[in-house]
There are 2 protein chains.
Amino acid sequence: MPRGECRGQGWWHGKFRGCGYRLTLGREVILDILSKSEGHLSAEDIYMKVHPKYPSVGLTTVYRTLDVLSSLGMVYKLDFGDGRARYEFAEGPKGAHHHHHLVCTDCNKVIDYTDFIDDEIELLNQTEKGLSKKYNFKIANHLIQFYGLCEKCSAKK
Amino acid sequence: MPRGECRGQGWWHGKFRGCGYRLTLGREVILDILSKSEGHLSAEDIYMKVHPKYPSVGLTTVYRTLDVLSSLGMVYKLDFGDGRARYEFAEGPKGAHHHHHLVCTDCNKVIDYTDFIDDEIELLNQTEKGLSKKYNFKIANHLIQFYGLCEKCSAKK
DNA sequence: TTATTTAGTGAAAACCATTTCCATTAATAG
DNA sequence: CTATTAATGGAAATGGTTTTCACTAAATAA
């Protein structure tokens, strides 16, 4: 991804600048990786993908950029209980394929599911409204995860 | 909590022994603290509460015991994103007052809510059934958290 | 354009919750 | 009571993440 192809073209350009953040090579590259990758990448995963092409981008910058992206709501920071944070792209304004997670407590495998999402979301919206009012809480986001054993791990037992 | 008052009396005695775990002073004390405390305690919180009366119980044992309790399903291990795990008592078999969480992303305050829980649980049960079948996943537990700004923090802005 | 300002950066060091190591202690079985 | 071995405490190690600091470069002013 040569710089010229991207600079100023992504829909996120304005978002960065609008919040007073500078648009740097590192940030573009990391955002690019995230937007193109399925799944849940750790900071190190991202560093590994970035480093071959852009050895000048360090792990520190990956962490710092993920923080910024996270605070801008462009990336979700997730915890699956294995001691390292995972990040996933937040899919722009249309929230294209929102999903929830099934987490295997044995092998830490994570399955994204979109089944039942519509019903879940509908209920969540109601719940959010009620909770916001009752607790004066400005809800920005939610997390739903199911924990258990994946097919392989429950067979092993 | 003198040892004699407790040894062999708690409903968890059998659970421990049945799983091949020994019933030790440390485990009893930690379980006692958890069962009497409202809220979400970190390992260090628990250590601080235990240490004055039982200085012989070390932080390592707290961690180890929490692991055991967690694997027995007697305690839930929670993550609110502030870098340390929190633990809460799982309320025995009747699941007395199951609740979900509202987490403030600014001050890390956590509100337990039980409102809307019935509808949520009902939907979750359906969803669980569907997911279990489709993905051959044995669901043992779920996590629902809403993230946002608490009253104080949204006023500050 | 060039100069100025200051946000952003890489590398190494620090941080800190948690885990591991190991010699010792104590709960349970016989 | 004795033997067995799970459990323990304290210190050290671990490892993901954050901080420090001197340096670089993006944005802005001249």
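Largest GNM mean-square fluctuation among A:Tyr147, A:Tyr63, A:Tyr135, using chain A with Cα springs under 10 Å: A:Tyr135. Close amide H partners of A:Phe80, meaning residues 5 or more places away or on another chain with modelled amide H under 5 Å apart, are A:Arg86.
About its Cα centre, the range A:97-157 has a charge dipole of approximately 360 debye under the convention of +1 per Lys or Arg Cβ and -1 per Asp or Glu Cβ, with nothing else charged. With N as its number of residues, the range A:44-106 has a Cα radius of gyration that, divided by 2.2 N^0.38 Å, comes to 1.27. Roughly what percent of Cα-Cα pairs across the range B:97-157 reach past 19 Å? Cα-Cα pairs of the range B:97-157 separated by over 19 Å account for 46 percent.
I'd like the distance separating the alpha-carbon centroids of the range A:117-157 and the range A:22-49, in whole Å. Taking the Cα centre of each part, the range A:117-157 and the range A:22-49 sit 26 Å apart. Full extension of the chain segment joining B:Asp82 with B:Lys133 gains 14.9 nm, where the gain is 0.36 nm per residue of separation less the Cα-Cα distance.
Close amide H partners of B:His100, meaning residues 5 or more places away or on another chain with modelled amide H under 5 Å apart, are B:Tyr113.
Across the protein assembly as shown, Cα-Cα pairs more than 31 Å apart make up 41 percent of the total.
Taken about its Cα centre, chain B carries a charge dipole of about 700 debye when Lys and Arg each add +1 at the Cβ and Asp and Glu each add -1 at the Cβ. With the whole protein complex present, B:Asp112 retains an accessible surface near 60 Å², based on a 1.4 Å probe. Applying both filters, DSSP loop and at most 15 other Cβ atoms within 10 Å, to the GluC sites (Glu not before Pro) of the range B:83-157 gives B:Glu91. Probing with 1.4 Å while keeping every protein chain in the model, the per residue accessible area of the protein assembly as shown equals 55 Å². Size of the range B:52-157: Rg and Dmax of its alpha carbons, in Å, are 17.0, 51. Accessible area of A:Leu143 (1.4 Å probe, protein heavy atoms only, ligands and nucleic acids ignored): about 20 Å².
In the structure shown, the pairs A:Lys129/B:Lys129; B:Lys109/B:Lys134; B:Lys49/B:Lys129 are assessed against 29 Å; a Cα-Cα span above that value is assigned to B:Lys109/B:Lys134; B:Lys49/B:Lys129. Taking amide H atoms as placed 1.01 Å from N in the peptide plane, the amide H of A:Cys107 lies under 5 Å from those of A:Cys150, each 5 or more residues away in sequence or on another chain. Estimated at the nearest 10 Å², the accessible area of A:Trp11 is 130 Å² with a 1.4 Å probe. P(r) tail, the range B:1-91: Cα-Cα pairs separated by more than 16 Å, 50% of all pairs.
The values are calculated or read from the model by the stated rules, or taken from the named source; none is laboratory data. What you see is a predicted model; the values in this text were computed from it and never measured. We place every Cβ from the backbone using ideal geometry, glycine too, and count neighbours over all the protein chains shown. These area figures cover heavy atoms from the full protein model, side chains too; ligands, DNA and RNA do not enter into them. Shrake-Rupley method; radii C 1.70, N 1.55, O 1.52, S 1.80 Å.
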